[in-house]
Amino acid sequence: MDFFTVIENRYSVRGYRPDPVEPEKLEKVLAAAQLAPTACNFQPFQLIVIRRDGREKDLERIYSKRWFRQAPVVIGICAVPEVAWLRHDDKNYAEVDATIVMDHLILAATAQGLGTCWVGAFDVPATREILGLPDEVEPIAFTPIGYPDRERAPFKRKPVKELVRYDRW
Ligand SMILES: Cc1cc2nc3c(=O)[nH]c(=O)nc-3n(C[C@H](O)[C@H](O)[C@H](O)COP(=O)(O)O)c2cc1C
């Protein structure tokens, strides 16, 4: 699949078939995450791969929508700010890096015919407890990974001219 087909094919999949994800596809998804750029190449993130079977109750507590626990695998990304690049004004880039990594991962899943959905509205205290996160680690996002049980709805986006300015604000 060429790059533009991949980005046109990605959409938020909110319904999954129970079919397993082939291990080689999951490996490629994780390899894409590894290849993502991070500030100064510090790679201040950890991915947590949650295999659904037997974890349904945990997944429900993390994010209660039914489709979140339909896919066979859910991946969470955590930022580790203490090992991230600090800009000269002390802006910590861990969250930026983690977001780029997640996008790589999601597009690699799409390129292999898998569905995903960014989830930012998860329960942070439940996530911390269930995944055993140390205080210094920040959960950023999750996505289920599995085969979609539905087609995408039409894209709804602002026109490019409303999103772009040239040369200055
Ligand atoms: C950072 C981020 C967080 C999101 N969190 C959620 C979420 O918690 N639940 C959800 O159903 N969708 C979530 N989404 C999906 C967006 O609603 C979706 O990407 C947007 O409506 C555009 O639709 P599309 O992904 O199908 O193109 C999130 C997307 C992003 C980028």
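Quick check on the stretch 26-37. Is at least one of its residues over 22 Å from Cys78 (Cβ atoms), open to solvent by 30 Å² or more (accessible area, probe 1.4 Å) and among the acidic types (Asp, Glu)?
no
In the stretch 4-25, how many residues are within 16 Å of the ligand (Cβ to nearest atom), surrounded by 14 or more Cβ atoms within 10 Å (Cβ to Cβ) and part of a helix (DSSP H, G or I)?
Result for the stretch 4-25: 2.
Let me spell it out: the conditions are (1) in contact with a strand residue (DSSP E or B) (Cβ under 9 Å, 6 or more places away or on another chain); (2) at pLDDT below 95, and Ile48 meets all of them except one. Which number is the exception?
(2)
Hey, could you check the stretch 88-144 for residues that are over 20 Å from Glu60 (Cβ atoms) and among the small types (Gly, Ala, Ser) and say which is nearest to the ligand (Cβ to nearest atom)?
Once the filter is applied, the top-ranked residue is Ala98.
Examine the stretch 47-55 for a residue that is in a helix (DSSP H, G or I) and open to solvent by less than 50 Å² (accessible area, probe 1.4 Å), and state whether such a residue exists.
no
Taking the residues in the stretch 136-167 that are aromatic (Phe, Trp, Tyr) and touching an Asp or Glu at 6+ places or on another chain (Cβ under 9 Å) as candidates, determine which candidate is surrounded by the most Cβ atoms within 10 Å (Cβ to Cβ).
Filtering the stretch 136-167 for residues that are aromatic (Phe, Trp, Tyr) and touching an Asp or Glu at 6+ places or on another chain (Cβ under 9 Å), the one surrounded by the most Cβ atoms within 10 Å (Cβ to Cβ) comes out as Tyr147.
The values are calculated or read from the model by the stated rules, or taken from the named source; none is laboratory data. What you see is a predicted model; the values in this text were computed from it and never measured. Counting neighbours? That spans all protein chains shown, and the Cβs are built from the backbone with ideal geometry, glycine included. Heavy atoms of the whole protein, side chains included, go into the accessibility calculation; ligands, DNA and RNA do not. Shrake-Rupley method; radii C 1.70, N 1.55, O 1.52, S 1.80 Å.
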